[in-house]
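The values are calculated or read from the model by the stated rules, or taken from the named source; none is laboratory data. Since we're looking at a predicted model, the values are computed, not measured. Every residue, glycine as well, gets a Cβ built from its backbone with ideal geometry; the counts of neighbours run over all protein chains shown.
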Amino acid sequence: MTFKMSKFVKSLAGAVAVATIMLAAPSVGSAKISKSESKAVQQISKHFSGVPSMSGEFIQFGPNGEQTGGKFYLKRPGRIRFDYSKPSPITVKADGKTVGINNKKLKTWDYFPLRKTPLRLLLADKIDVNDKAIKSVKEENDLTTVVLGDKSIFGNSKITLMFDPKSYELRQWTITDDQGKDTSVMIFNVKRNVALSQKLFRMTEPAGRKSRYLSDK
């Protein structure tokens, strides 16, 4: 089956947004932003690159007003997990090479190559996002907004990140898919630089599973 970024975004919905915001650390060079905006992005990058692991809770607001949430665990490089709260049967994991979406109710797994998703950039040891991914930066007294978009990675989707201009802490973010639909996510009760077991990110498939590998080949 041919891999498509739009399908990945729709499948992961807020999970992609969560991962993007938590580790967004774009480098700034030739992007058309001011020196002040460049400095703000560099400070945000420095702040998040110093966090190799974290855990906490998240709330996701879908494009039709639906609300879900759960817990997340992140460990660089390449590992992340989202456990959606009941009644959602969904768990999302990345083990360093593959992103898996598990529907426990249907006993299914959908797999995506990590290298073909935004998580490839965001879960690396060293974040090296091309300047061209930075579409705009807006500085206000109480908010710094950074918009990222890169067709080679995100397809036609874009991600809007909103930070505190003084502490560089995340406030909120929105991912807009290729159909113009928004999914917003908040994280809270965040613990940074925590010890996380590798077992959290293993993809174990029970007997009777149904798996689909969505590849770019």
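Does SER88 satisfy the condition of being out of contact with any Asp or Glu (no Cβ under 8 Å at 6 or more places or on another chain), touching a residue at least 40 places away in the same chain (Cβ under 8 Å) and surrounded by 14 or more Cβ atoms within 10 Å (Cβ to Cβ)? Break it down stepwise before answering.
Numbers: out of contact with any Asp or Glu (no Cβ under 8 Å at 6 or more places or on another chain): yes; touching a residue at least 40 places away in the same chain (Cβ under 8 Å): no; surrounded by 14 or more Cβ atoms within 10 Å (Cβ to Cβ): yes.
In short, no.
Anything in the stretch 145-169 that is closer than 20 Å to VAL51 by Cα and of a type outside the set (A, V, I, L, M)? List them, or say none.
Of all residues in the stretch 145-169, those closer than 20 Å to VAL51 by Cα come to 146, 161-169.
Within the stretch 145-169, PHE163, ASP164, PRO165, LYS166, SER167, TYR168, GLU169 qualify.
Matching residues to (1) aliphatic (A, V, I, L, M); (2) modelled with pLDDT under 90; (3) assigned to a strand (DSSP E or B); (4) within 15 Å of ASN103 (Cα to Cα):
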{"position": "PHE48", "(1), (2), (3), (4)": "no, yes, no, no"}
{"position": "VAL51", "(1), (2), (3), (4)": "yes, yes, no, no"}
{"position": "SER55", "(1), (2), (3), (4)": "no, no, yes, no"}
{"position": "PHE58", "(1), (2), (3), (4)": "no, no, yes, no"}
{"position": "GLY65", "(1), (2), (3), (4)": "no, yes, no, no"}
{"position": "GLY69", "(1), (2), (3), (4)": "no, no, yes, no"}
{"position": "PHE72", "(1), (2), (3), (4)": "no, no, yes, no"}
{"position": "ARG81", "(1), (2), (3), (4)": "no, no, yes, yes"}
{"position": "SER88", "(1), (2), (3), (4)": "no, no, no, yes"}
